[in-house]
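The values are calculated or read from the model by the stated rules, or taken from the named source; none is laboratory data. Since this is a predicted model, take the numbers as computed values, not measurements. Using ideal geometry, Cβ is built from the backbone for each residue, glycine included, and neighbour counts are taken over all protein chains shown.
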Amino acid sequence: MHPAAFAGAAMGRLTHYAVSGLVGAALVRGASKAAPKAKPAARKAMVGGLAGGIVAARWLGSAAEEARLKAGDMMAEARSSLGEEAPPPSAVDFDGHEHDHEH
């Protein structure tokens, strides 16, 4: 799978979780206004849902990073098989890096 396609799929999932969270929040707010006694249970459900969303977002971030690294390895291997030298992992230029801290 192309890294851009994987990143697009990951962003789609993150967007899904964000939208689900917003819809859930709206439902909880409406339910808490309709039934004041249900407010603590609704809050608990909301917190649980948000916690699940955080865990899912962390997992997706980790999976995206792993996929990016694997794609980079495969690109380097493909270039090597063609006799080309793979570029260094970082394309950032540090020449003329003029400020006062150590790297």
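Things to note:
- The stretch 10-30 - residue that is surrounded by 15 or more Cβ atoms within 10 Å (Cβ to Cβ) and among the small types (G, A, S) and, of those, modelled with the lowest pLDDT: A10
- Per this entry, L60 is counted among residues that are surrounded by 14 or more Cβ atoms within 10 Å (Cβ to Cβ), assigned to a helix (DSSP H, G or I) and either modelled with pLDDT of 90 or more or not charged (D, E, K, R) (or both).
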